[in-house]
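Peer 1: Below: one structure in structure tokens.
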Amino acid sequence: PVVGWLVVLRGPGKGRSLTLGHGMNLIGRSENQRVSVNFGDPLISGEDHAKIMYEDGEFYISHGSGKNLTKLNGKIIPNMVELPTKSLIQLSKNTTLAFIALCDNEFDWSKV
């Protein structure tokens, strides 16, 4: 089930939303990525540009293997860091996403 969303705030695909699932969410332009951001920004890597993980009410983000750096709230992500809801994720100079959590310490699908 859905645990959160990414919403394209800036760049190709502006206004579109993408769902996040439990576990590992690989982000890239390729259709085989769990979160495909194939909206026309060639600066986003095809595969494994970034990763968002969800487990036990907590979200984390890390840069993947893409050559363009991923930024969280304007700062480069050096390794895996906690991902607070309403954070801004910059995948390239063209594309910025907003992260919105559904699940957290208060709500998780296992509790329903």
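Peer 1: Obtain the nm distance between the two label points defined at Lys93 and Lys14 by a simple spin-label model: each point lies 7 Å from its Cα along the Cα-to-C-beta direction.
Peer 2: 1.8
Peer 1: Let me ask something else. If I compute solvent accessible area with a 1.4 Å probe over the protein chains, what percent of it on the chain is carbon and sulfur?
Peer 2: The value for the chain is 53 percent carbon and sulfur by accessible area.
Peer 1: Suppose each label sits 7 Å from its Cα in the direction of the beta carbon; what would the Lys111-Met24 distance come out to in nanometres?
Peer 2: Those two pseudo-labels are separated by 2.8 nm.
Peer 1: Local charge sum around Pro12 (other residues, Cβ-Cβ under 13 Å, Lys/Arg +1, Asp/Glu -1)?
Peer 2: Around Pro12, the surrounding residues sum to +4.
Peer 1: Counting Lys and Arg as +1 and Asp and Glu as -1, what is the net charge of the other residues whose Cβ lies under 15 Å from the Cβ of Pro42?
Peer 2: Values: positive: Arg29, Lys67, Lys93; negative: Asp41, Glu47.
Cβ neighbours under 15 Å give a net charge of +1.
Peer 1: Here is a further query. Measuring with a 1.4 Å probe in the full set of protein chains, what accessible area per residue, in whole Å², belongs to the chain?
Peer 2: Working: 6090 Å² over 112 residues.
Computed with neighbouring chains in place, this is 54 Å² per residue.
Peer 1: Evaluate E = 1/(1 + (r/R0)^6) for Glu31 and Val81, where r is the Cβ-Cβ distance and R0 equals 41 Å; express this FRET efficiency to the nearest 0.05. Mind dumping the intermediate values first?
Peer 2: Values: r = 28 Å, r/R0 = 0.67.
That gives a FRET efficiency of 0.90.
Peer 1: Roughly what percent of Cα-Cα pairs across region 27-79 reach past 12 Å?
Peer 2: 63
Peer 1: Could you please put Tyr54, Tyr60 in sequence from largest to smallest accessible area, using a 1.4 Å probe?
Peer 2: Largest accessible area first, the list is Tyr60, Tyr54.
Peer 1: Continuing with the same structure: Let's see if you can work this out: charge +1 on each Lys and Arg Cβ, -1 on each Asp and Glu Cβ, no other charges. What is the dipole magnitude of the chain about its Cα centre, in debye to the nearest 20?
Peer 2: Here the chain has a charge dipole of around 620 debye.
Peer 1: Whole-Hz ³J(HN,Hα) for each residue in region 60-74, computed from phi via Karplus 6.51 cos²θ - 1.76 cosθ + 1.60 with θ = phi - 60°, x for glycine and proline: what do you get?
Peer 2: Couplings: 9, 10, 8, 6, x, 9, x, 6, 7, 6, 9, 10, 10, 6, x Hz.
Peer 1: Same structure again: Return the lysines within reach of Lys67: Cα separation strictly under 21 angstrom, same-chain partners fewer than 8 residues apart disregarded; answer none if there are no such residues.
Peer 2: In chain and number order, the partners are Lys51, Lys75, Lys93.
Peer 1: Okay, moving on. Which net charge results for the neighbourhood of Asn94, defined as the other residues with beta-carbon distances under 11 angstrom from its beta-carbon, given Lys and Arg at +1 and Asp and Glu at -1?
Peer 2: +2
The values are calculated or read from the model by the stated rules, or taken from the named source; none is laboratory data. Computed from a prediction, not measured in an experiment: that's the story for all the values here. In this analysis, Cβ positions are derived from the backbone assuming ideal geometry, glycine residues included, and neighbour counts consider all displayed protein chains. To get the accessible areas, we keep the full protein, side chains included, count just its heavy atoms, and leave off ligands, DNA and RNA. Shrake-Rupley method; radii C 1.70, N 1.55, O 1.52, S 1.80 Å.
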